[in-house]
Amino acid sequence: PSELRYLGDNFNKMVKELSSLEMLKDDFISNFSHEFKTPIASIKGFVKLLKNKKISQDDKENYLDIIYSEINRLSDLSNNTLLLSKLKTSESLKEIETINASEILRQTLLLFEKQINDKKITLSTEIEPIEIDGNHDLIKQVFVNLISNAIKFTDDGGKIIVAAKNTEEQVCFSFEDTGIGMSEETIKHIFESYYQADLSHSTSGYGLGLSIVKKIVDLHNGKIEVLSSLGKGSKFTIILNKKLQ
């Protein structure tokens, strides 16, 4: 009976995943095409300007930098869209192991060392040794997205505080910044795919990053909390169980 129950549960999960594919396909095409319009139009416009033989070398270099930036934006958008689509069809985690989450967090912070230094941001860390059950790559993606956002929305000379602490059965990761912050209305929607808020001092919104974070945290049976106010920064807190049930 237990084996039959196990097979039945897996079959039901498979049916749910398959039944959501058609809906995801429509959602993917609609959102993907909408988000791609702006960078493609930008690239097209600057390529047209580059065809003008009378433009200066400085302008040419500037236009090429913008085109390169927009190409990177398209690449990130496509990768994140595919990842989110994959996560949305997942009913459960795969490739679970005991991971050294504190070491993953330290390595991720090193990836952003140049960006942090370029913006003269003060980084403060308090990272305890932490091991949890989870998927290594997905947990790293959570850290990448939250640290990236903290840097993106913090002005030059600001501060970012990253902490990782143990309780008896859970762990808590927090990412706090002194950036531009968010309104109550923005907080209500930040985990929605492609959400773009009216963020002053910023050229773009949160896109897919926080949608991916939320889905990964959900798959790990955890929760994410947000505290923020305009002009006073934001704090994202993730709480995960050390052992997955």
Taking region 191-218 on its own, how many of its residues are open to solvent by less than 20 Å² (accessible area, probe 1.4 Å) and at pLDDT 80 or above?
-> 6
List every residue pair whose Cβ atoms sit under 9 Å apart, with the two residues 6 or more apart in sequence or on different chains, where the first one lies in region 164-182 and is farther than 13 Å from I224 by Cα and open to solvent by 10 Å² or more (accessible area, probe 1.4 Å) and the second, anywhere, is among the acidic types (D, E) and in a loop (DSSP other than H, G, I, E, B).
-> K165/E128; N166/E128; T178/D155; I180/D155
State whether one or more residues within region 65-81 are of a type outside the set (A, V, I, L, M), open to solvent by 60 Å² or more (accessible area, probe 1.4 Å), closer than 30 Å to I147 by Cα and at pLDDT 80 or above.
-> yes
Return yes when E97 is surrounded by fewer than 19 Cβ atoms within 10 Å (Cβ to Cβ) and without any contact (Cβ under 8 Å) to a residue 24 or more places away in the chain and no when it is not.
-> no
From the option list K119, K140, K94, K152, single residue qualifying as touching a helix residue (DSSP H, G or I) at 6+ places or on another chain (Cβ under 8 Å), among the charged types (D, E, K, R) and within 17 Å of I212 (Cβ to Cβ) is K140
Out of all the residues in region 124-137, which are part of a strand (DSSP E or B) and either of a type in the set (S, T, Y) or open to solvent by less than 70 Å² (accessible area, probe 1.4 Å) (or both)?
-> S124, T125, I127, I132, D133, G134
Determine the pairs where a residue that is closer than 18 Å to T154 by Cβ, located within region 208-230, has a partner that is of a type in the set (V, I, T) and modelled with pLDDT of 90 or more with Cβ atoms under 6 Å apart, the partner being 6 or more residues away or on another chain.
-> V213/V142
Scanning region 138-186 for residues that are among the aromatic types (F, W, Y) and outside any strand (DSSP E or B) gives F143, F153
Please go through region 42-64 and pick out each residue that is of a type in the set (A, V, I, L, M, F, W, C) and more than 21 Å from L74 (Cβ to Cβ).
-> I55
From the list T89, T108, pick out the single residue that is open to solvent by less than 80 Å² (accessible area, probe 1.4 Å), within 21 Å of K214 (Cα to Cα) and modelled with pLDDT of 90 or more.
-> T108
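The values are calculated or read from the model by the stated rules, or taken from the named source; none is laboratory data. Since the model is a prediction, treat every value here as computed from it, not as a measurement. Don't worry about glycine lacking a Cβ; one is built from the backbone with ideal geometry, like all the others, and counts go over all protein chains shown. Areas reflect the complete protein model, heavy atoms only, side chains present, ligands, DNA and RNA absent. Shrake-Rupley method; radii C 1.70, N 1.55, O 1.52, S 1.80 Å.
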